[in-house]
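The structure under discussion appears below in the form of structure tokens.
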Amino acid sequence: MQVSARRPPKLFTLVLLCGLSVVSLNLFLPSLSNIAAEFQADYALVNLSIAGYAGMTAVLQLVMGPLSDRFGRRPVMLAGLAIFALASLGCLLARDIWTFLAFRMLQGAIVAGYTVSLAVVRDTAPAQKAASVMGYLAMAWAVAPLLGPALGGALDELFGWRASFWAFTGFGLIALGLCWIDLGETNRTPSETFVAQLRSYPELLRSRRFWGYALCMAFSIGAFYAFLGGAPLVAAAVFGMSPGTLGICMGSTTAGFILGSFLSGRFAARYALTTMLMAGRLVACAGLILGLGILWAGLLHPVTLFGACVFVGIGNGLSLPSGNAGAMSVRPALAGSAAGLSGALTVAGGAVMSAITGAVLSAETAAQGLLGMMLLSSLLGLAAALFVLWIDRREVRTAPLDQES
């Protein structure tokens with residue numbers, strides 16, 4: 001049996017793990033065309049290294065969390081990092097597209113860096129303090145995608161596309177060594193067998209509070225994915241933007257998310273989880289309603305559209321850390337499973353909203369339609385937050401903080 005950690009891992013360790021789990025998606029994006037050229041492969045096939053990888057990480061979130069509940073956080077994290085480092089080396093040495101894609105899918109094991117880190121935080125801190133720490137982790141989750149493509153592009157220009165996978169291998173080994181030293185076992189109540197663990201799952205799945213938190217996060221992220229799916233159409237059809245200008249404007253939601261995550265890190269420890277959830281949802285909805293009002297008044301301008309979307313980013317930064325902490329607090333013994341399941345639901349919700357937005361928008365009403373879809377998703381997230389608040393007010397007198405009434 002492993003000894004429980006005497007202290008939580010350093011925040012730097014968790015930030016590095018979360019950042020690496022995100023930057024692994026897009027560091028080598030600037031190299032896709034060069035990879036296709038070297039392997040003489042169709043671009044659509046090479047693009048599976050992005051789309052297929054994202055799908056793999058969504059599935060692995062459902063696996064890594066339960067494994068960490070059964071065997072502990074430390075072994076699952078170390079195994080995920082070791083697989084990631086070896087898979088990165090495999091991509092580096094690949095000589096054909098199929099070998100490259102096979103190892104690229106194995107790189108998805110790095111999702112443990114995010115899912116298990118959330119469980120570690122919840123293991124070592126009460127719910128509100130955990131939400132505060134997760135706010136700072138969310139900042140890394142937001143900053144990494146901004147820096148990743150720039151670093152990958154520079155590496156490609158200097159040393160070729162394989163340099164990105166040299167970087168992945170090095171980062172993976174550094175993270176593995178750091179976790180070996182700094183990450184003790186924080187799961188003090190691992191399940192004895194998978195059978196015993198499976199028997200406890202219905203308690204999590206029947207929890208109305210868990211589904212309230214999970215759906216709030218899914219619809220919050222859904223508004224962001226709706227933005228990703230509709231912003232290119234609006235930029236081209238309504239404003240005639242160049243791709244470069246669009247890229248800068250689309251960073252507005254990320255900037256808002258960084259600000260909201262920082263505020264969450266500062267204030268989540270002082271306020272109830274539902275307070276932070278409601279604050280985030282109200283900020284997002286208010287910004288979108290204001291933007292729609294200005295558009296309907298005839299003031300059609302990029303600042304109107306993208307300014308409203310900044311509020312979505314701020315709202316998500318305020319809501320998501322508390323949503324994650326709340327979902328994992330319903331059944332603390334299943335914190336890893338809750339993190340994985342809620343993470344998978346969030347990805348699925350975002351994908352659905354992106355697809356719906358792309359299907360319903362037209363060039364004639366693109367701006368109003370985009371903000372309308374984002375508002376719909378944000379309102380559904382607000383409804384889920386109100387549902388959790390209703391449960392708390394109805395049952396808090398008869399339920400401990402970390403249990404479902």
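Bear in mind these aren't lab numbers, they're just calculated from the coordinates by the rules spelled out. Fair warning: this is a prediction, and the values are worked out from it, not measured in the lab. Using ideal geometry, Cβ is built from the backbone for each residue, glycine included, and neighbour counts are taken over all protein chains shown.
Numbers at a glance
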read-out	value
Order by protection proxy (mean Cβ within 10 Å, highest first), peptides 107-117, 81-91	107-117, 81-91
5 angstrom amide H check on Lys10, placed H, neighbours 5+ away	none
Amide proton proximity set for Glu185, modelled H, under 5 Å, gap of 5+	Ala5
Point-to-point label distance, Ala82-Ser242, nm (Cα→Cβ direction, 7 Å offset)	5.0 nm
Calculated [θ] (222 nm, deg cm²/dmol) that DSSP helices of n ≥ 4 give over the chain, each run adding -39,500 (n - 2.57)	-27500 deg cm²/dmol
Whole-angstrom gap from the stretch 67-82 to the stretch 83-106, using each part's C-alpha centre	21 Å
Difference of contour (0.36 nm per residue) and Cα-Cα distance, Ala255 to Val303	15.8 nm
Extension gain (nm, one decimal) between Asn47 and Arg208, 0.36 nm per residue minus Cα-Cα	54.1 nm
Shape call, the stretch 200-396: gyration tensor on alpha carbons, a/c limit 1.5	prolate
Label-to-label distance, nm, for residues given as Thr189 and Arg95 (7 Å Cα→Cβ offset)	5.4 nm
In Hz, Karplus ³J(HN,Hα) per residue of the stretch 54-71 (6.51, -1.76, 1.60; θ = phi - 60°; x = Gly, Pro)	4, x, 5, 5, 4, 5, 5, 4, 6, 9, 4, x, x, 4, 6, 6, 7, 9
Stretchable slack from Arg266 to Gln40, in nm (0.36 nm times residue separation minus alpha-carbon distance)	76.3 nm
Overall form of the stretch 252-303 per C-alpha gyration tensor (a/c, 1.5; a/b vs b/c)	oblate
